[in-house]
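Written out below as structure tokens is the structure these notes cover.
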Amino acid sequence: MSYNQPPPAQPQFDGPPPGPPVQPGGKPKWARKRIAIPAALFVFFVGVGVGSAGNAEGDATSVSDKGEPQPTVTVTETAAADTSQSEAAKTTSDDKPTADAPKKATVPDFVGMGLQSAQDKAQEAGFHGLTSHDALGRERMQAFDRNWKVCSQNMEAGAFKPTDTDLDFGAVKLGEDCPAKDEKPPTAEGGKMPNFAGESVKAARSALDSGVSLTVEDALPDDRWVLIESNWKVCTQEPAAGTSLGGQPVTLKAVKFEESCP
């Protein structure tokens, strides 16, 4: 095989194949489609935007019968203050009843009555603040009211007093005589030793400071115990009456009230 042979002849290029026939007017159909479709889309979106703007403007304004837009008028109404509750509260406060003033009643005469009967009568008259005390100053308790009688009263009989007034009765036991006036228990005034002669041991103890060392002895040779001190009376005392009290011990000698001091 010989390599000196010339290469085969190549076919001659005559240009691109003929395209589709061109319509009169200048541009082919495919070129006109590329322009028409985007243009149609542009017109569509412009129309949508104009329509939306028109609706918004229509909401903001009203149109008259002639088609002319009218200005929007805003009317503000101020609600009247509701005064019904305040008036009702004022009426309620004005109508609230005030506290009733205490009633008044005439104070009865209780002197000479049994203590229990006097208390019952006072309550019937409307008085309920009731107290009593030993009219002889012995500081005895009125444990059984029926065993005591009234000698005095703090409010005068016939006085017109409010029923919340406290009534206090001075009383003695049924077998005792009422004193001309209530006897007051002794007091250690000015830091001096009182005169306890004839006073009950209980009244003497009450007159002294609670921290005083007090010894009570039977004044008779019987050497009895002094149990109910309101039933015993003082015969002698140490220190003597008028002595300055400086915490020193106190000694009392006593007998029962129905007995005589030695």
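Residues in the stretch 85-103: is at least one modelled with pLDDT of 95 or more and more than 29 Å from residue 187 (Cβ to Cβ)?
no
Of all residues in the stretch 104-148, which are part of a strand (DSSP E or B) and touching a Gly at 6+ places or on another chain (Cβ under 9 Å)?
Once the filter is applied, which keeps residues that are part of a strand (DSSP E or B) and touching a Gly at 6+ places or on another chain (Cβ under 9 Å), the stretch 104-148 yields 104, 105, 106, 132, 133, 134, 148.
Can you name the strands (runs of 3 or more DSSP E) wholly within the stretch 158-243 that have at least 2 residues being polar (S, T, N, Q)?
Correct list: 232-238.
Within the stretch 158-175, is even one residue over 42 Å from the mean Cα position of the chain (by Cα) and among the aromatic types (Phe, Trp, Tyr)?
No - not one qualifying residue is present in the stretch 158-175.
Somewhere in the stretch 128-143, is a residue hydrophobic (A, V, I, L, M, F, W, C), more than 45 Å from the chain's Cα centre (by Cα) and more than 19 Å from residue 258 (Cβ to Cβ)?
Within the stretch 128-143, not a single residue is hydrophobic (A, V, I, L, M, F, W, C), more than 45 Å from the chain's Cα centre (by Cα) and more than 19 Å from residue 258 (Cβ to Cβ).
Listed here are the residues, each with its yes/no results for (1) under 50 Å from the mean Cα position of the chain (by Cα); (2) among the acidic types (Asp, Glu); (3) surrounded by fewer than 15 Cβ atoms within 10 Å (Cβ to Cβ).
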site: 184; (1), (2), (3): yes, no, yes
site: 192; (1), (2), (3): yes, no, yes
site: 202; (1), (2), (3): yes, no, no
site: 205; (1), (2), (3): yes, no, no
site: 216; (1), (2), (3): no, no, no
site: 234; (1), (2), (3): no, no, no
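Going by what's in this entry, would residue 151 be described as assigned to a strand (DSSP E or B) and among the hydrophobic types (A, V, I, L, M, F, W, C)?
yes
Select from the stretch 122-164 the residues that are open to solvent by 60 Å² or more (accessible area, probe 1.4 Å), among the charged types (D, E, K, R) and touching a strand residue (DSSP E or B) at 6+ places or on another chain (Cβ under 9 Å) and list them in ascending order.
139, 146, 161
Give me the pairs: first residue in the stretch 103-121 and among the polar types (S, T, N, Q) and open to solvent by 30 Å² or more (accessible area, probe 1.4 Å), second residue part of a loop (DSSP other than H, G, I, E, B) and modelled with pLDDT of 95 or more, beta-carbon distance under 8 Å, and six or more apart or on different chains, which are they?
106/125; 106/158; 106/159
Can you tell me which of 114, 129 is at pLDDT 95 or above and within 11 Å of residue 167 (Cβ to Cβ)?
Every option except 129 fails the conditions.
Find all pairs meeting these conditions: Cβ atoms under 7 angstrom apart; at least six residues apart or on different chains; first residue within the stretch 153-177 and at pLDDT 95 or above; second residue open to solvent by 80 Å² or more (accessible area, probe 1.4 Å) and in a strand (DSSP E or B).
These pairs meet every condition: 160/104; 161/104; 162/104; 163/104.
Would you point out the residue of the stretch 239-257, among those that are farther than 17 Å from residue 189 by Cα and in contact with a Lys or Arg (Cβ under 9 Å, 6 or more places away or on another chain), that is surrounded by the most Cβ atoms within 10 Å (Cβ to Cβ)?
This residue is 254.
The values are calculated or read from the model by the stated rules, or taken from the named source; none is laboratory data. Quick caveat, the model's predicted, so the values are computed rather than measured. Counting neighbours? That spans all protein chains shown, and the Cβs are built from the backbone with ideal geometry, glycine included. The accessibility values were calculated without ligands, DNA or RNA, using every heavy atom of the protein model including side chains. Shrake-Rupley method; radii C 1.70, N 1.55, O 1.52, S 1.80 Å.
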